[in-house]
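Colleague: Here it is, the structure, as C-alpha cells.
The values are calculated or read from the model by the stated rules, or taken from the named source; none is laboratory data. Given the structure is predicted, the values throughout are model-derived calculations rather than measurements. Neighbour counts run over all protein chains shown; Cβ positions are idealised from the backbone, glycine included. Side chains included, ligands, DNA and RNA excluded: accessible areas come from the protein's heavy atoms. Shrake-Rupley method; radii C 1.70, N 1.55, O 1.52, S 1.80 Å.
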Amino acid sequence: MKSGIATIIVFFTINTVVLFAQTTSNRILNFQPKFGNEDLQLIEAVYTTKNNDSIWIDVFKCYVSNIALLQNGKVVWQEKNSFHLINSAEQESLRLMLQTPVALTFDAIQFNVGIDSVTNVSGAMGGDLDPTNGMYWTWQSGYINIKLEGRSNKCLTRNNAFTFHLGGYQFPYNALQKVMISIQQNEKINIVTDIQKFISSIDLTTQNQIMTPGKSAMFLSNQFSTIFSELKQ
Amino acid sequence: MKKVTIFFLLLIFVLTAFVSVSQLFVVPKGWPKPNYDFSKNPLSKEKIELGRALFYDPILSRDNSISCASCHNPYNAFANANHQLSLGIEDKTGSRNAPVLVNLAWEKKFMWDGAINHLDMQSLFPITHPDEMGEQLDHVISKLKGSTIYPRLFYKAYQDSIVTGEHLLKAIAQFMLTLVSSNSKYDSVMRHQAVFSNQEKNGYQLFKKNCNSCHTEPLFTNHEFENNGLPINKILKDFGRMKVTGLAIDSLKFKVPTLRNIQYSSPYMHDGRFTRLQDVLKHYTLGIQKSSTLSQKIQQSIVLTSNERVDIIAFLLTLSDNSFILNPSFNFAKHNLYQ
C-alpha cells in the first residue's frame with residue numbers, strides 16, 4: 001500500500017515539474033531608481049533639483065504589490081501572493097522574477113504601490129511583509145507604503161533632513177496607489193523610478209516631514225505614483 | 001479495503017489534530033465566535049510556551065529591565081496595580097493606564113484608542129515606545145538570535161531556529177490568546193451551578209438596566225468606542241479615538257473595557273483616575289460630563305441610590321475569576337525554558 005502511494009506521489013511530482021518547466025519562465029522585472037538621468041546613489045551623491053537646490057537621498061524603499069500584465073486592457077497574467085519590498089540599498093530587491101508563461105505577450109504592467117487594506121489588518125506576516133523590516137508603524141498599526149529620506153539645503157530642519165513615510169489604509173486616508181504603465185519590451189521588463197519627478201513636485205521648505213496617514217500622505221503618494229515608466233532603450 | 005483503511009487513518013489524523021487544537025483554546029459555551037482568525041496562526045503548545053517565555057522576558061527592552069509582565073501582572077488580571085500611568089524603562093511615565101489582558105481573542109481593536117488593528121501587532125508598540133521598552137526591533141531580533149535559549153525555543157515552535165519578526169509576534173499573540181477568563185461566579189450562575197445572593201441579584205438587574213448596553217454580556221464589552229462622560233484630564237489632554245481617526249466625532253471616545261476581573265485591576269479608566277469601584281459608580285451617577293460626543297446610551301442620567309450602587313459593586317465582584325488569576329500556565333515558568 002505504502003509503495004503504491006509513493007509511486008503516485010513521485011509520478012505527480014515529476015509530472016508537475018515537467019509541465020511547469022515547459023510552460024513557465026522567470027521573466028525579470030527590474031526596477032532602476034534614478035534621479036533624472038543618473039542612476040540613484042544613496043547618501044554620498046549630491047543631486048540638483050530643477051530649482052537648483054542640492055539634495056541627497058539616504059533611504060528609498062517602497063512596496064510593490066499585486067503585479068499583473070495586461071494586453072489590450074485585459075489582464076493576461078497575475079502574480080499570486082504578490083508583495084515585494086523594493087529597497088534602493090539592496091540590489092537583489094530591485095530585481096523580481098515573475099513566473100509567467102513563456103509565450104506571453106502584453107503591452108502594459110499594472111501594480112499597486114503599497115499594501116492593500118485587507119493585508120493591513122491580517123496580522124503578522126513573513127518575508128517582505130515582516131513588520132520588523134522597518135516598513136511598519138509601531139505606534140499605530142499599518143504598513144508604510146513608501147519611505148523616502150534625505151537632506152536638502154531647502155529644509156530648515158535638523159541636519160536639513162526631509163522624511164517621508166507615506167501610508168495609511170483606512171478610509172478616508174487610504175494611500176494605496178494603482179500604477180499602470182505601457183510596456184514595449186516583453187522579454188525583460190525594465191522600470192525606471194525617477195525620484196527627481198517626485199521631489200520637484202513638492203516644496204521642501206514647507207513640506208519636509210510627513211510620517212502619519214492623512215491628507216498630505218494621500219497627496220504625496222499620488223505624486224509618487226507618477227515616477228514609474230518603462231526604461232527607454 | 002485499502003481505501004477504507006486510508007480513509008480511517010485520515011479521519012483519525014484530522015480528528016486528533018482538531019482535538020488537540022480545541023483543547024488549547026476552548027470557546028466557552030454560549031459565547032460568540034472569537035474575532036481572531038486562528039487559521040492564520042494555528043495554536044501549538046510549543047508556540048504558546050515560546051510566547052509565554054517572551055512575555056516574561058525583559059530581553060525585549062533596551063536595557064533588559066522591563067518585560068511585558070512589568071506592566072501586565074498576572075495577579076492583576078494582567079493589568080498594573082501600582083501605577084495610574086504605566087512606568088517604563090528608566091522610570092519613564094507613559095500616558096495611559098495598562099488594561100487587563102483578558103479574552104483578547106474576542107477583541108477587534110487594541111489599546112484605549114484602537115490604534116492597534118490586530119493582536120499580532122500589539123507587541124510592536126511597547127517594544128519600540130521610548131517610554132515603555134525603548135528598543136529597536138532589529139536589535140531585539142539580534143539579541144534573541146544571540147541568546148542561549150531562544151534559537152532552541154523558536155526551533156521547537158517553528159522547526160526553524162531563525163528568529164523572525166513574524167514568528168516573534170505570532171508567538172506572543174498565541175500566549176495572549178490563551179488568557180481566557182470564563183470561570184467567575186457569574187459564569188457558574190449562568191451555567192446553573194451556583195446562585196447569586198439577593199444583593200448580587202439586585203446588582204445584576206441594575207447592571208443590565210444601566211451598564212449592559214456598553215459592558216455587554218458575556219464579554220462585558222460591546223467592542224465599541226464610547227464617550228462615557230469623563231471630564232478631560234487637563235494635563236494629559238487625551239482625546240482618545242480621535243487621535244487615530246482624525247475625526248471630531250471620535251473626540252473623547254475610548255474603547256469600552258471588559259469588566260471581568262475588575263476587582264483585581266484597579267486603578268480604573270484610561271488614565272487610572274479612579275482607585276475604587278465606588279468612585280467609578282459615583283462618576284456614572286453624579287459625574288457624567290455632557291459634551292457633543294457623549295454616548296447616546298447615557299444621555300439620560302443614571303439614577304442609583306447609594307444602596308443600589310453597593311449592589312452593583314457586589315455584582316461586579318462576581319466577575320472575579322480566581323482560576324484565571326492563579327492559573328499556573330499563565331505564570332512565569334523558568335523551568336520550561338531549559339527543557
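Colleague: With each label point set 7 Å from Cα along the Cα-Cβ vector, what nm distance links B:Arg276 and A:Glu230?
Modeller: Rounded to a tenth, the inter-label distance reads 7.8 nm.
Colleague: Here are some pairs, A:Lys147/B:Lys243; B:Lys47/B:Lys92; B:Lys208/B:Lys297; which of them have Cα atoms lying more than 20 Å apart in this structure?
Modeller: Violating the 20 Å Cα-Cα cut-off are A:Lys147/B:Lys243; B:Lys47/B:Lys92.
Colleague: So which GluC sites (Glu not before Pro) in region A:49-92 are both in a DSSP loop and have at most 12 other Cβ atoms within 10 Å of their Cβ?
Modeller: Filter output for region A:49-92: A:Glu90.
Colleague: Less than 11 Å Cβ to Cβ from A:Val102, Lys/Arg counted +1 and Asp/Glu -1: what total charge do the surrounding residues give?
Modeller: After counting each charged neighbour, the total is 0.
Colleague: So, one more: What figure in square angstrom, to the nearest 10, would you give for the accessible area of A:Leu69 with a 1.4 Å probe?
Modeller: 0 Å²
Colleague: Considering protein heavy atoms only and a 1.4 Å probe radius, which residues within region B:162-203 exhibit an accessible-area decrease of no less than 10 Å² in the full assembly relative to the chain by itself?
Modeller: Correct list: B:Gly165, B:Glu166, B:Leu169, B:Lys170.
Colleague: Taking chain A as the reference, fit the longest principal axis to its C-alpha atoms, fit the long axis of helix A:215-224 to the helix C-alpha atoms, and give the angle between the two in degrees, 0 to 90, nearest 10.
Modeller: It works out to around 70 degrees.
Colleague: In debye, nearest 20, what is the charge dipole magnitude of region B:154-280 about its Cα centre with +1 on Lys and Arg Cβ and -1 on Asp and Glu Cβ, if you could check?
Modeller: 240 debye
Colleague: Give the residues of region A:166-208 whose amide nitrogen is closer than 16 Å to a point set 7 Å from the Cα of A:Gln71 in the direction of its Cβ.
Modeller: A:183-188
Colleague: Which lysines, on any chain, are close to A:Lys154 with Cα under 16 Å apart, when same-chain ones fewer than 8 places away are left out?
Modeller: Within the straight-line limit of under 16 Å, A:Lys154 reaches these lysines: A:Lys50.
Colleague: In terms of solvent-accessible area of protein heavy atoms at a 1.4 angstrom probe, what is the ranking of A:Val102, A:Val76, B:Val256, highest value first?
Modeller: In descending accessible area the options line up as A:Val102, A:Val76, B:Val256.
Colleague: Can you tell me which aspartates and glutamates have their Cα less than 19 Å from the Cα of B:Lys237? Leave out same-chain residues fewer than eight positions away.
Modeller: B:Asp113, B:Asp131, B:Glu226, B:Asp250, B:Asp271
Colleague: Helix B:137-146: angle to the longest alpha-carbon principal axis of chain B, degrees 0 to 90, nearest 10?
Modeller: So the helix axis and the longest Cα principal axis differ by about 40 degrees.
Colleague: With a cut-off of at most 14 other beta carbons within 10 Å, and DSSP calling the residue loop, which trypsin sites (Lys or Arg not before Pro) in region B:243-330 qualify? Please list them.
Modeller: Passing sites in region B:243-330 are B:Arg276, B:Lys290.
Colleague: So, one more: How large is log10 of I(q)/I(0) for region B:185-320 at q = 0.13, 0.16 Å⁻¹ when the intensity is taken from the Debye formula with one equal scatterer per alpha-carbon?
Modeller: The computed values of log10 I(q)/I(0) come out as -0.57, -0.84.
Colleague: Something else: Give me the angle, in degrees from 0 to 90, between the Cα long axis of helix A:2-23 and the longest principal axis of the Cα atoms of chain A, rounded to the nearest 10.
Modeller: Once rounded, one gets 50 degrees.
Colleague: Then there is this: Could you tell me how far the Cα centroid of region A:203-221 sits from the Cα centroid of region B:283-334, in Å?
Modeller: Comparing the Cα centres of region B:283-334 and region A:203-221, I get a distance of 43 Å.
Colleague: Subtracting the Cα-Cα distance from 0.36 nm times the residue separation, let me have the gained length for B:Ser65 to B:Ser292 in nm, one decimal.
Modeller: Stretched fully, the B:Ser65-B:Ser292 segment lengthens by 77.4 nm.
Colleague: Which longest uninterrupted range of chain A lacks any trypsin sites (Lys or Arg not before Pro) assigned by DSSP to a loop state (not H, G, I, E or B) and surrounded by at most 16 other Cβ atoms within 10 Å?
Modeller: A:81-231
Colleague: In a shell of Cβ-Cβ distance under 14 Å around B:Asp279, excluding B:Asp279 itself, what net charge do Lys and Arg (+1) and Asp and Glu (-1) give?
Modeller: +3
Colleague: Please give the per residue volume of the convex hull enclosing the alpha carbon atoms of chain B, rounded to a whole number of Å³.
Modeller: 161 Å³
Colleague: Suppose each label sits 7 Å from its Cα in the direction of the beta carbon; what would the B:Leu247-A:Leu156 distance come out to in nanometres?
Modeller: The two pseudo-label positions are separated by 3.7 nm.
Colleague: Please report the accessible area of A:His165 (heavy atoms, 1.4 Å probe, ligands and nucleic acids excluded) in Å², nearest 10.
Modeller: 20 Å²
Colleague: Per DSSP H run of at least 4 residues, take -39500 (n - 2.57); add these up for chain A, divide by its residues and hand me the 222 nm value, nearest 500 deg cm²/dmol.
Modeller: -5000 deg cm²/dmol
Colleague: Are there residues in region A:128-175 whose accessible area shrinks by at least 10 Å² when all protein chains are included rather than the chain by itself, and which are they (probe 1.4 Å, ligands and nucleic acids not counted)?
Modeller: A:Asp130, A:Pro131, A:Thr132, A:Tyr136, A:Thr138, A:Trp139, A:Gln140, A:Ser141, A:Tyr169, A:Gln170, A:Pro172, A:Tyr173
Colleague: Can you give the translational diffusion coefficient of region A:27-230 in µm²/s, computed by Stokes-Einstein from the Kirkwood radius over Cα pairs at 37 °C and 0.692 mPa s?
Modeller: 187 µm²/s
Colleague: Along the Cα→Cβ direction, 7 angstrom out, place labels at B:Asp160 and A:Ala103. What is the inter-label distance in nm?
Modeller: It is 3.8 nm.
Colleague: To continue, here is another question. I'd like to know which of A:Asn72, A:Leu29, A:Ala161 lies farthest towards the positive end of the charge dipole of region A:27-230, counting +1 on Cβ of Lys and Arg and -1 on Cβ of Asp and Glu.
Modeller: The one lying farthest along the dipole's positive direction is A:Asn72.
Colleague: Helix-only mean residue ellipticity at 222 nm, chain B, DSSP H runs n ≥ 4 weighted -39,500 (n - 2.57), per residue, nearest 500. What is it?
Modeller: Estimated from H runs of four or more residues: -10500 deg cm²/dmol.
Colleague: Let me ask another. So how exposed is B:Leu247, as accessible area in Å² (1.4 Å probe, rounded to 10)?
Modeller: Accessible surface of B:Leu247 is approximately 70 Å².
Colleague: Under a no-solvent Debye model with one identical scatterer per Cα of the protein assembly as shown, what's log10 I(q)/I(0) at q = 0.05, 0.07 Å⁻¹?
Modeller: With one equal scatterer per Cα and no solvent, log10 I(q)/I(0) is -0.28, -0.53.
Colleague: Lys/Arg Cβ at +1, Asp/Glu Cβ at -1, dipole of the protein assembly as shown taken about the Cα centre: which of B:Trp31, B:Ser266, B:Gly114 is farthest positive-ward?
Modeller: Most positive-ward Cα: B:Trp31.
Colleague: Further question on the same structure: Please get the size of the charge dipole for region A:27-230, origin at its Cα centre, with Cβ charges of +1 on Lys and Arg and -1 on Asp and Glu, quoted in debye to the nearest 20.
Modeller: It works out to roughly 360 debye.
Colleague: With a 1.4 Å probe on protein heavy atoms only, work out how much accessible surface A and B bury together, total over both chains, in Å² to the nearest 100.
Modeller: Heavy-atom accessible area buried at this interface is about 1900 Å².
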